[in-house]
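The values are calculated or read from the model by the stated rules, or taken from the named source; none is laboratory data. Because the structure is predicted, anything quoted here is derived from the model rather than measured. Positions of Cβ are backbone-derived with ideal geometry, glycine not excepted, and every protein chain shown enters the neighbour counts.
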Amino acid sequence: MLKIIIGTGLLLVAMGCNTFASLEDAAEPDMGTYDQGTNDEGTNDQGVNIDQSVDLCDVSCGIEHIPADVDLIFVTKTRYFVQDIIDAIEAPDGDIRQRADKLCTDEANDFLPSQFAQLKWKAILSRDSSTDNPDAEARNYIANRYPVWTHEGNEFADAGSLFSSPTKSTFSTSVTGEPFTGTVRVWTGAKMDGGDATTCYSWVRADNTTTGAVGNPRSNTNWLNDSENQMAALCDEQHYLYCISQLP
């Protein structure tokens, strides 16, 4: 497990603030450990105790190079059944995607440095746009006011272009840094422009008589909808989720 000990040269995310501080000026790591100067109280400039350590991915995923004021996107460790989404929580306003958002939040808390727990997380999913929900489509549910970077430390999309252009990079690992093997698909229910495709009836049907659109995280053109391979998955299958932070 790679650890970062908060020490000299590391600019840590301000706790309680939904932004990341740039870590590009961090000192050269020594076996995954950074040293940072402290004040007389034994804390750094952000008031964090120097003895506090935070876990990064099991495999170094480049997250230390993410600049300030960007949203982070990752692929979940777990491949989820639609039933897992249904069972995650009871959505108070009836939007099933809040349940998928909870799965994203849990994985961010479990596998990213602790400061990322301060962020709001959403799953990139479309619902059936025939509903009255104005945010049914992923392009409306997800705000793209900031550039987007991957958990692997790569630029992914400019502000405003997440659903309109090929991405700048692709994914080779899950949020834990574990490399993908074999066929890898991600539930989206979306077209490449972030509109709605097939959605397992807005993520409430988990049987093999319905389908949901899936994307290919290894592709920068078919990441939301692998139409190149005519991919829609039966709703009783297991697939990953895309999770994205939402800065205010």
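Taken over region 169-193, the residue count meeting the criterion of being within 20 Å of Leu234 (Cα to Cα) and in a loop (DSSP other than H, G, I, E, B) is 8. Per the listing Ser202, Ser172, Ser165, the residue uniquely at pLDDT 95 or above and among the polar types (S, T, N, Q) is Ser172. Taking each residue of region 145-166 that is on the phi > 0 side of the Ramachandran plot and looking for partners that are surrounded by 15 or more Cβ atoms within 10 Å (Cβ to Cβ) and of a type in the set (Asp, Glu) with beta-carbon atoms closer than 8 Å, six or more apart or interchain, yields Gly153/Glu64.
With respect to the conditions (1) modelled with pLDDT under 95; (2) charged (D, E, K, R); (3) within 17 Å of Ala123 (Cα to Cα), Arg185 falls short on a single one, namely (1). The criterion of being in a loop (DSSP other than H, G, I, E, B), within 16 Å of the chain's Cα centre (by Cα) and not hydroxyl-bearing (Ser, Thr, Tyr) holds for Leu224.
Yes/no per residue for (1) more than 19 Å from Trp203 (Cα to Cα); (2) in contact with a strand residue (DSSP E or B) (Cβ under 7 Å, 6 or more places away or on another chain):
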position	(1), (2)
Lys77	yes, no
Tyr80	no, yes
Ile85	no, no
Arg97	no, yes
Cys104	no, yes
Asn109	yes, no
Pro113	yes, yes
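Within region 109-143, the set of residues being of a type in the set (A, V, I, L, M, F, W, C) and either in contact (Cβ under 8 Å) with a residue 24 or more places away in the chain or within 24 Å of Asn225 (Cβ to Cβ) (or both) comprises Phe111, Leu112, Phe116, Leu119, Trp121, Ala123, Ile124, Leu125, Ala136, Ala138, Ile142, Ala143. Just name the residue that is nearest to the chain's Cα centre (by Cα) out of those in region 199-220 that are of a type outside the set (Lys, Arg) and farther than 18 Å from Asp84 by Cα. Step by step, filter region 199-220, then rank; the result is Pro217. Filtered by the rule that a residue be in a strand (DSSP E or B) and among the aliphatic types (A, V, I, L, M), region 111-168 gives Ala123, Val148, Ala157.
Identify the residue in region 203-221 that is among the polar types (S, T, N, Q) and in a loop (DSSP other than H, G, I, E, B) and, among all such residues, is surrounded by the fewest Cβ atoms within 10 Å (Cβ to Cβ). Looking at residues that are among the polar types (S, T, N, Q) and in a loop (DSSP other than H, G, I, E, B), I get Thr209.
Against the criterion of being surrounded by 20 or more Cβ atoms within 10 Å (Cβ to Cβ), over 27 Å from Thr211 (Cβ atoms) and not hydroxyl-bearing (Ser, Thr, Tyr), Gly177 qualifies. Regarding region 125-133, can at least one residue be identified that is crowded, with 22+ Cβ neighbours inside 10 Å, of a type outside the set (S, T, N, Q) and modelled with pLDDT of 95 or more? Checking region 125-133: at least one residue is crowded, with 22+ Cβ neighbours inside 10 Å, of a type outside the set (S, T, N, Q) and modelled with pLDDT of 95 or more.
Candidates are the residues of region 227-248 that are part of a loop (DSSP other than H, G, I, E, B) and at pLDDT below 90; the one that is farthest from the chain's Cα centre (by Cα) is Gln230.
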